[in-house]
Amino acid sequence: MKIAVLPGDGIGPEIVAQAVRVLQAIGPKFDLEEAPVGGAAYDVAGHPLPPATLELAKKADAILFGAVGDWKYDTLARELRPEQAILGLRKHLELFANFRPAICYPELTAASSLKPEIIGGLDILIVRELNGDIYFGQPRGIRTSELPLFKGAREGFDTMHYSEPEVERIGHVAFQAARKRGKKVCSVDKANVLETSQLWREVMIRISKEYPDVELSHMYVDNAAMQLVKAPKAFDVVVTGNLFGDILSDEAAMLTGSIGMLPSASLDKNNKGLYEPSHGSAPDIAGKGIANPLATILSAAMMLRYSLGMPAEADRIEKAVQKVLAQGLRTADIYTEGTKKVSTIEMGDAVVAALS
Ligand code: IPM
Ligand code: MG
């Protein structure tokens, strides 16, 4: 099985290296092929998603992705910025279904800024649509305003839209995921203001009829942002569009106190997927050897489960991660008094050792 390994920028290479070690230690021989992506690719090939990298991603069975982005690329034209690499991969490979679990590990309850009783045992899943919405909507651009009050001024504009089939396919993914969990779907929208959301809600209600065993509720995105900090455990699966999902998934991740722990999967309709940590490239700590590799290691576990049909091996990795947490090993981001602070590589060593 061929895995495309795209480390990217910032801490990407350090954390991906540890996930690769875990994959190599798990047993079966994977065909791992690395390619540059993001700013690193811009530096060597003049583009954040060079054709060769895209080709590799297309022919691989799954993609292990680190992170992209660095301040030093902030002045580049938008189509050359590192973020275009991940947006391009999602779009070209039709990875429309993004799974972002937010799980609070019992050992890490103290790392959260919320009270233990609010987040202890938290296990929610955000299903974010990844191919549509204002992220990709046309027209977009910067033009001259025609508004009477601001006529002649420069104006930025973007377009939000969702077609019915786009909402249906992400809706089915969410309902099917809920069936395997707590059997609740909360669809998040802004139907009191946006037509896009009004249609989204109609479609969700319609397809929910095919899932009588799953309870569907609806929430406006502002309220959802509030409920996530007030009573996050009331959620099971949250399904939402690209933009709202981007924002809410960061919020949900941080509830657990440890964004460095959370994996994610972005799947196409055949379950081919790209797997990446939920956190970013953290250029401020890049190269220091202190980044937490666990989100990437857990993303590799998700890859084995969702794309490569190897659930037993996925379990083994997840158990190994729980074991190192139970041993009290912590990278700086999840360190609390009384635990043992370790480096990125030491954490990788510990997970590999815990596999056996
Ligand atoms: C994410 C990131 C990306 C997004 C950026 C890097 C384009 O924030 O994966 O959540 O907005 O989707
Ligand atoms: Mg984001």
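Which residues, counting only those in segment 246-261, are within 12 Å of ligand 1 (Cβ to nearest atom) and closer than 14 Å to residue 331 by Cα?
Of everything in segment 246-261, just one residue is within 12 Å of ligand 1 (Cβ to nearest atom) and closer than 14 Å to residue 331 by Cα, namely 259.
If I filter segment 321-345 down to residues being buried (at least 17 other Cβ atoms within 10 Å of the Cβ) and without any contact (Cβ under 8 Å) to a residue 40 or more places away in the chain, which single residue comes out as nearest to residue 24 (Cα to Cα)?
Here the residue is 321.
Quick check: is even one residue across segment 215-233 part of a loop (DSSP other than H, G, I, E, B), more than 16 Å from ligand 1 (Cβ to nearest atom), out of contact with any Gly (no Cβ under 9 Å at 6 or more places or on another chain) and within 22 Å of residue 121 (Cα to Cα)?
First, pick out the residues of segment 215-233 that are part of a loop (DSSP other than H, G, I, E, B): 231.
Keeping just the survivors that are more than 16 Å from ligand 1 (Cβ to nearest atom) gives 231.
So of that shortlist, the ones also out of contact with any Gly (no Cβ under 9 Å at 6 or more places or on another chain) come out as 231.
Subset that is within 22 Å of residue 121 (Cα to Cα): 231.
Yes, the conditions are met somewhere in segment 215-233.
Which of the residues belonging to segment 275-313 are out of contact with any helix residue (DSSP H, G or I) (no Cβ under 6 Å at 6 or more places or on another chain), modelled with pLDDT of 95 or more and at positive phi?
Hits for segment 275-313 are 282, 287.
Rundown of residues vs (1) crowded, with 17+ Cβ neighbours inside 10 Å; (2) within 15 Å of ligand 2 (Cβ to nearest atom); (3) in contact (Cβ under 8 Å) with a residue 24 or more places away in the chain, yes/no style:
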position: 167; (1), (2), (3): yes, no, yes
position: 183; (1), (2), (3): no, no, yes
position: 217; (1), (2), (3): no, no, yes
position: 256; (1), (2), (3): yes, no, yes
position: 264; (1), (2), (3): yes, yes, yes
position: 274; (1), (2), (3): yes, yes, yes
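Need a quick list: strands (runs of 3 or more DSSP E) entirely within segment 117-194 having at least 3 residues that are more than 23 Å from residue 264 (Cα to Cα).
Working: elements: 123-129, 141-144, 154-157, 184-189.
Of the strands (runs of 3 or more DSSP E) lying wholly inside segment 117-194, those with at least 3 residues that are more than 23 Å from residue 264 (Cα to Cα) span 141-144, 154-157.
Among the residues of segment 240-257, how many are aliphatic (A, V, I, L, M) and either touching a Phe, Trp or Tyr at 6+ places or on another chain (Cβ under 7 Å) or at positive phi (or both)? Break it down into steps so the answer makes sense when it comes.
Taking segment 240-257 first, the residues aliphatic (A, V, I, L, M) are 243, 247-248, 252-255.
Those left that are additionally either touching a Phe, Trp or Tyr at 6+ places or on another chain (Cβ under 7 Å) or at positive phi (or both): 243.
Total satisfying the criteria: 1.
What residue, of 11, 3, 26, is at pLDDT 95 or above and either within 20 Å of residue 355 (Cβ to Cβ) or basic (Lys, Arg) (or both)? Before the answer, list the steps.
Working: 11 fails: either within 20 Å of residue 355 (Cβ to Cβ) or basic (Lys, Arg) (or both); 26 fails: at pLDDT 95 or above.
Checking each option against the conditions leaves just 3.
The values are calculated or read from the model by the stated rules, or taken from the named source; none is laboratory data. Here the structure is a predicted model, which means the values were calculated and not measured. As a convention, Cβ positions derive from the backbone with ideal geometry for all residues, glycine included, and neighbour counts pool all protein chains shown.
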